[in-house]
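Structure record follows, encoded as structure tokens.
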Amino acid sequence: MLLTAALAYARHGIPVLPVHTPDPSCGCSCDKGVRCDRPGKHPRLRHGLTEATTDPRLIDVWWSRWPEANVGLRTGITMDVADIDSAEGWHGLTHLLGGELPPGPRVRTGGGGWHLWFRPMGFGNRVGLLPGLDWRGAGGYVVAPPSRHVRGGEYRWVRRPGDALPVGPAPLRALIEGPPPPPAARRGSPPRVIAHPDRYGRAALTAESDRVASAPVGTRNDTLNRAAFALGRLVGAGLLDPGDVIRELDAAARRCGLGRAETRRTIRSGLTAGRRSPIDPEAGRRVA
């Protein structure tokens, strides 16, 4: 069954690799056993992801050697995957996309999470896009049905791939891409040192708040999320106080007409994601 699935993925152009398997003691088939921190989720191959292939002969050799191997699929070539591992991640992504997830392939993971497939966007992996949400793109992989999870469940298809994968929605793409670099960085000009980082942080807070307050209908929540993410990176670098950011963005969101509950969720998720990817403290002092 696992070999059949691996060969089927390969026929559709998805590079495949064998992955370790969880054992009955909730350990891993690797040498670490119960001490493994990723049981049933890491490659069996010496060179890992770089050996993933669509060659059916090599795939047959691998599963002849390890018939119980979980099936890993390399992302960023045929598909990218939104990896949701909690209810918070599901609701956060749904909220980001305006209340409804796009149609497309969906996998229920053995641990109770979800994998949503999209057309490749050209970005690499992103961890902590939102609480409970990671992105698997170029240089990544996912475990695929009918693999087994350490908790005992199987990965299974809820909605199988059709003729074409959905395009990643603009708000999701914007979140993955992150805020654009400053103009001087885009032109290749040398950065200059910020003489007053506190003033810079306040100026950024004012600019982002004004952008949220003036956002047109249809873009308001996305604008708020991007602002919270961008300012969260400054909070993570120690250039802004999180309480100030929350108060300013909350007031700006009310001015543009967003509801209180929606505003709080968006600020919280965007700010959390931004703080997990802070600008470098030294680089944060260098802008055009």
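What follows is calculated from the coordinates using simple rules that are stated; it is not laboratory data. None of the values given here were measured: they were computed from a predicted structure. Virtual Cβ from ideal backbone geometry, glycine too; neighbours counted across all protein chains shown.
Which angle between 0 and 90 degrees, to the nearest 10, do you get for helix 2-11 versus the longest principal axis of the chain when only C-alpha atoms count? Here the helix axis deviates by roughly 60 degrees. To the nearest 10 degrees, how steep is helix 87-96 against the longest Cα principal axis of the chain, on a 0 to 90 scale? With rounding to tens, the tilt is 50 degrees. Fewest-first ordering of I14, I77 by other beta carbons within 10 Å of each residue's beta carbon gives I77, I14.
Quick one: angle between helix 260-275 and the longest Cα principal axis of the chain, in degrees between 0 and 90, rounded to 10, please. The angle comes out near 70 degrees.
Distance from the alpha carbon centroid of the range 218-244 to that of the range 96-154 works out to 25 angstrom. Multiplying the residue separation of R38 and V127 by 0.36 nm and removing their Cα-Cα distance gives an extension gain of 30.5 nm.
With neighbour counts taken as other beta-carbon atoms within 10 Å, the residues K32, K41 rank, fewest first, as K32, K41. Between R65, R220, R202, the GNM of the chain built on Cα springs shorter than 10 angstrom shows R65 fluctuating the most. Within the shell of other residues whose beta carbon sits under 9 angstrom from the beta carbon of P146, the net charge comes to +1, with Lys and Arg scored +1 and Asp and Glu -1.
Placing pseudo-labels 7 Å out from each Cα toward the beta carbon at A203 and C26 gives an inter-label distance of 5.4 nm. Net charge in the neighbourhood of V167 (other residues with Cβ under 14 Å of its Cβ; Lys, Arg +1, Asp, Glu -1) is 0. The GNM of the chain, with springs linking C-alpha atoms under 10 angstrom apart, assigns the highest mean-square fluctuation among R233, R247, R136 to R247. Whole-percent P(r), the range 53-116, all Cα pairs, 10 Å bins from 0: 17, 38, 28, 13, 4.
Annotation note: GluC sites (Glu not before Pro) in the range 15-115 located in DSSP loop regions with a Cβ neighbour count of at most 15 within 10 Å are E68, E100. Taking the number of Cβ atoms within 10 Å of each Cβ as an exposure proxy, the fewest-first ranking of H42, H12 is H12, H42.
A convex hull fitted around the alpha carbon atoms of the range 1-69 yields 83 Å³ per residue.
Projected onto their three principal axes, the Cα atoms of the range 2-161 cover extents of 47, 34, 25 Å, largest first. Modelled label positions at S277 and E177, each set 7 Å beyond Cα in the direction of Cβ, lie 1.2 nm from each other.
Its DSSP H runs of at least 4 residues, each contributing -39,500 (n - 2.57), put the calculated 222 nm mean residue ellipticity of the chain at -11500 deg cm²/dmol, to the nearest 500. Computed as a quarter of the hull surface, the mean projected area of the alpha carbon convex hull for the chain stands at 17.1 nm².
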